[in-house]
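Enquirer: Sharing a structure, written as structure tokens. Questions coming.
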Amino acid sequence: MSEGVYGELATGRVTHSLLRLSTAMRSQAWEWAESAGLTPTQGEILVLLMQRKNPLRLGEIARETALTAATTSDAVSTLEAKGLIEKRRTTEDGRALAVKLTSRGRTAAKRAQQWPDFLTEAIGTLRNEEQAIFYRTMIKMIRQLEVQGDIPAHRMCVTCKHFEVSKTPKKSAHRCSALNLAIGDAELRLDCPVHEEADSLTQKKVWKIFAQSAA
Ligand code: SF4
């Protein structure tokens, strides 16, 4: 048996695979960004502003992108100098500044959103059941990384107070009480605009059921 770079256990092999994927993502992100005269960080901020629709403060951008305040501030200043974003006073607090896309910024954000197309294409070659299991596994990974404090919260169904988890998702779907929707494992949402954080006890209960239910 060949020796795994990160050990012989499945944990090491999965880690190795994820690192190979991250290399591909970094390379594709830089390739796209250089062709657009931006950095991947600047592209990420444009996409975030497009997804959120409302202006965001610098602190919110830093939190959502897991960047430092200094890096966020530099990237935002560069985007402003390029005419892709503009700052304006927030309505709640007239002294605070928030950032929004200009029309040129919206066009750039739409292009920036396309760089991961190579991943979508590769995932599309998996069977539907494989995609569903893969997504469920990703949700579990994201949740665990959130719990470890390694990534910011992603406003997903499993932490939302509107989520009604199913013990048997294959037979009966989960439900969203806010949108009155049945939600299969493959339809669980990330970055949902109507997400509302459940209290920690509810989150723990939901997570226990979700993590133990069969895919
Ligand atoms: S509001 Fe959004 S995140 Fe919450 S359960 Fe419904 S779809 Fe999921």
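The values are calculated or read from the model by the stated rules, or taken from the named source; none is laboratory data. All figures in this text were calculated on a predicted structure; none of them were measured in a lab. So basically every Cβ, Gly included, is an ideal-geometry build from the backbone, and we count neighbours across all protein chains shown.
Enquirer: Name the residue that is farthest from Leu48 (Cα to Cα), counting only residues in the range 81-122 that are free of Cβ contacts under 8 Å to residues at least 12 places away in the same chain and in contact with a strand residue (DSSP E or B) (Cβ under 8 Å, 6 or more places away or on another chain).
Expert: Filtering the range 81-122 for residues that are free of Cβ contacts under 8 Å to residues at least 12 places away in the same chain and in contact with a strand residue (DSSP E or B) (Cβ under 8 Å, 6 or more places away or on another chain), the one farthest from Leu48 (Cα to Cα) comes out as Arg95.
Enquirer: Could you check the range 35-129 for helices (runs of 4 or more DSSP H) lying wholly inside it with 3 or more residues that are farther than 23 Å from Cys192 by Cα?
Expert: 69-81, 117-123
Enquirer: All but one of (1) under 30 Å from Ala62 (Cβ atoms); (2) away from the ligand (no atom under 15 Å from the Cβ); (3) surrounded by 15 or more Cβ atoms within 10 Å (Cβ to Cβ) hold for Val147; which doesn't?
Expert: Going through (1) under 30 Å from Ala62 (Cβ atoms); (2) away from the ligand (no atom under 15 Å from the Cβ); (3) surrounded by 15 or more Cβ atoms within 10 Å (Cβ to Cβ) one by one, Val147 breaks only (3).
Enquirer: So, one more: When the range 174-215 is examined, which residues are found to be away from the ligand (no atom under 12 Å from the Cβ), part of a loop (DSSP other than H, G, I, E, B) and without any contact (Cβ under 8 Å) to a residue 40 or more places away in the chain?
Expert: Asp199
Enquirer: While we're here: If you go through the range 13-37 one residue at a time, how many are more than 12 Å from Trp115 (Cα to Cα) and hydroxyl-bearing (Ser, Thr, Tyr)?
Expert: Matching residues across the range 13-37 total 4.
Enquirer: OK, next. Please count how many residues of the range 158-173 are under 23 Å from Glu64 (Cβ atoms) and either out of contact with any His (no Cβ under 7 Å at 6 or more places or on another chain) or more than 8 Å from the ligand (Cβ to nearest atom) (or both).
Expert: So the answer is 4.
Enquirer: Within the bounds of the range 83-96, is there any residue that is hydroxyl-bearing (Ser, Thr, Tyr) and assigned by TED's automatic domain parsing to the domain that holds Val47?
Expert: Yes - at least one qualifying residue is present in the range 83-96.
Enquirer: Answer yes or no: is there a residue in the range 45-54 that is farther than 24 Å from His154 by Cβ, basic (Lys, Arg) and modelled with pLDDT under 95.
Expert: Scanning the range 45-54 turns up no residue that is farther than 24 Å from His154 by Cβ, basic (Lys, Arg) and modelled with pLDDT under 95.
Enquirer: May I pose another question? Applying the selection to the range 137-168, what residues are within 18 Å of Cys192 (Cβ to Cβ) and in a loop (DSSP other than H, G, I, E, B)?
Expert: The answer is Ile151, Pro152, Ala153, His154, Arg155, Met156, Lys161, His162, Val165, Ser166.
Enquirer: Across the range 70-85, which residue is nearest to Lys110 (Cα to Cα) among those that are over 23 Å from the mean Cα position of the chain (by Cα) and loosely packed, with under 14 Cβ neighbours inside 10 Å?
Expert: Gly83
Enquirer: Run Thr102 past the list (1) at pLDDT below 95; (2) surrounded by 15 or more Cβ atoms within 10 Å (Cβ to Cβ); (3) more than 20 Å from Val14 (Cα to Cα) and report the number of the one that doesn't hold.
Expert: Just one mismatch for Thr102, condition (1).
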